Amino acid sequence: MTTGQVVAVVWGAVAVVFGVVFVLQRERISRAAREVRARRGGHVGPRTQSPGLMAAGGAFLVVAGAAVLVAGLTGALA
């Protein structure tokens, strides 16, 4: 395995894990981000760190991470 493949495998795995966490914990992350922003005096709009946005970001990370992971393992990046 080349260095690029090792980096791709590690990055892909980390991205998939973060994506799954974002999807599963989207309500909690959204609520915590809104509370912190409100406490700091920032504007808290209806779409600020929305659960839908967190789910979309998580889904993107899962798909992108899986693609990079597979490409790194199969040698398609070489």
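Just so it is clear, none of the values below were taken in a lab; they were calculated from the coordinates. Bear in mind that the values here come from a model prediction, so they are computed numbers and not experimental data. Note that each Cβ is placed from the backbone with ideal geometry, even for glycine, and that neighbours are counted across all protein chains shown.
Here are some notes:
- Test: Val62 is assigned to a helix (DSSP H, G or I), hydrophobic (A, V, I, L, M, F, W, C), over 14 Å from the mean Cα position of the chain (by Cα) and surrounded by 15 or more Cβ atoms within 10 Å (Cβ to Cβ): no
- Being touching a Leu at 6+ places or on another chain (Cβ under 8 Å), without any contact (Cβ under 8 Å) to a residue 40 or more places away in the chain and either under 25 Å from Gln5 (Cα atoms) or aromatic (Phe, Trp, Tyr) (or both) holds for only one residue in Phe22, Phe18, and it is Phe22.
- Filtered residue count, segment 67-78, keeping only those that are out of contact with any Gly (no Cβ under 7 Å at 6 or more places or on another chain) and assigned to a helix (DSSP H, G or I): 5
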